[in-house]
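Participant: Got a structure for you, questions after.
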Amino acid sequence: MNEPVPPVPRPPRSETREVVELKRLKTDQPELASAVDMQLALVEMQRRVQLRVPLPWISADSAWLQAQQQAGRALVRFSDIPLDWTDFRLIFRQTADILRRFDALDSAEHKTLVDMARDGNTLEPIVAQWYDATSGGTATRPADAPASIDQVLVLALRPFLSRCAEVLTQRTTLSANARCPFCGWEPEFAVILHSADRQLICGRCSGQWPFAALACPFCANHDRSLITSFATRDGRYRVSACDVCKRYLKAYDARHASRPVMIAVDSIATLPLDAIAMQRGYQ
């Protein structure tokens, strides 16, 4: 009797550039190991979901898109987001689980959020209300939701919203708004291009849009004498801090780098700059 042929093992799935860079960062800066491990868990989870998210069909003409930008309203309406609620409830729970595993959520808030996700009738209207309230709409934030829901929803919506930003980037000329033209969230990071122009990067949908290189996106201060700037020794990362509103924004300087900006990597690599900025009184 012939012996059964053992199955051929599958080759390991190729790692994304972000994962490779995050692992290199962990090796180069072991003090960031915990933050890198959490980011790796989030990135890999979001990637699995994003592979299943279809490109959305956003029905809007160019005049409407420009009018929305001029009024400071988000281009992506909640109904435009290609949400599969089964997938979303799963990524919402998994996001909360990852944050809890790395002590970014306390146990009580984690339980509240997971219970919310298990009750499908509860989560959907909360997400819709929260998105409207944070994208220039007229709604107010959900009153009964825990404060940490912002952090979880920002991360859980990213795979879906980034697809919307991908579509709209190809369809409209973006204005130099202080908030994200796609979803209405604040910039989390920036990239300085080889031309010395600056692009802001949204902390929710990862969309990019132009903004004045030496102005504060949080309070519109453009007095250069009231903008404090400092950088890492290699010039790759830079902080622009406003002495009016006391807020700051980190940036990746592509003029001193060999790869494009990677928000998942660069936001972690610059955690030491966050500490320096906060020590100087910026928020």
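Participant: What are the membrane-span-like helices in the chain by this rule: whole DSSP H runs, Cα extent along the axis at least 18 Å, mean Kyte-Doolittle hydropathy at least -0.5?
Facilitator: 33-50, 85-101, 120-133, 149-169
Participant: Taking every alpha carbon pair in region 124-283, what does the distance histogram look like in 10 angstrom bins from 0, in percent?
Facilitator: In order of increasing distance, the bins hold 10, 36, 37, 15, 2 percent.
Participant: Report the net charge of residues surrounding D243, where surrounding means a beta-carbon distance below 15 angstrom and charges are Lys +1, Arg +1, Asp -1, Glu -1.
Facilitator: Once all neighbours under 15 Å are counted, the net charge is +3.
Participant: Still on this structure: Grab the beta carbon distance between D150 and A220, set R0 = 30 Å, and tell me the FRET efficiency rounded to 0.05.
Facilitator: Rounded to the nearest 0.05, the efficiency is 0.80.
Participant: Can you give the local net charge around R204? Use residues other than it whose beta-carbon is closer than 11 angstrom to its beta-carbon, Lys and Arg +1, Asp and Glu -1.
Facilitator: Local net charge: -1.
Participant: How high is the relative contact order of the chain, given as a whole-number percent (alpha carbon pairs under 8 Å, six or more residues apart)?
Facilitator: About 16 percent, as a whole number.
Participant: If you don't mind, another one. Explain nothing, just the number: relative contact order of region 71-205, from Cα pairs under 8 Å at least 6 residues apart, as a whole percent.
Facilitator: 28 percent
Participant: Take the Cα radius of gyration of region 65-194 and divide it by 2.2 N^0.38 Å, with N its residue count; two decimals is plenty.
Facilitator: 1.11
Participant: Between beta-carbons, use under 15 Å as the cut-off and find the net charge around P159, counting Lys and Arg +1, Asp and Glu -1.
Facilitator: +2
Participant: Another question, if that's okay. Taking every pair of Cα atoms in region 1-157, average 1/r, invert it to obtain the Kirkwood radius, and report Rg/Rh to two decimals.
Facilitator: Across region 1-157, the Cα-based Rg/Rh ratio is 1.08.
Participant: Measure off, as a whole percent, the carbon and sulfur share of the 1.4 Å-probe accessible area of the chain, all protein chains present.
Facilitator: 52 percent
Participant: Please give every one of the aspartates and glutamates within straight-line cross-link reach of K111, meaning a C-alpha to C-alpha distance under 20 Å, and leave out same-chain neighbours fewer than 8 residues apart.
Facilitator: Those aspartates and glutamates meeting the cut-off are D87, D97, D103, D119, E124, D144, D150.
The values are calculated or read from the model by the stated rules, or taken from the named source; none is laboratory data. Values in this document were obtained by computation on a predicted structure and should not be read as measured data. Methodologically, a virtual Cβ is constructed for each residue, glycine included, from the backbone with ideal geometry; neighbour enumeration extends over all protein chains shown. Protein only, heavy atoms only, side chains kept; ligands, DNA and RNA dropped before computing areas. Shrake-Rupley method; radii C 1.70, N 1.55, O 1.52, S 1.80 Å.
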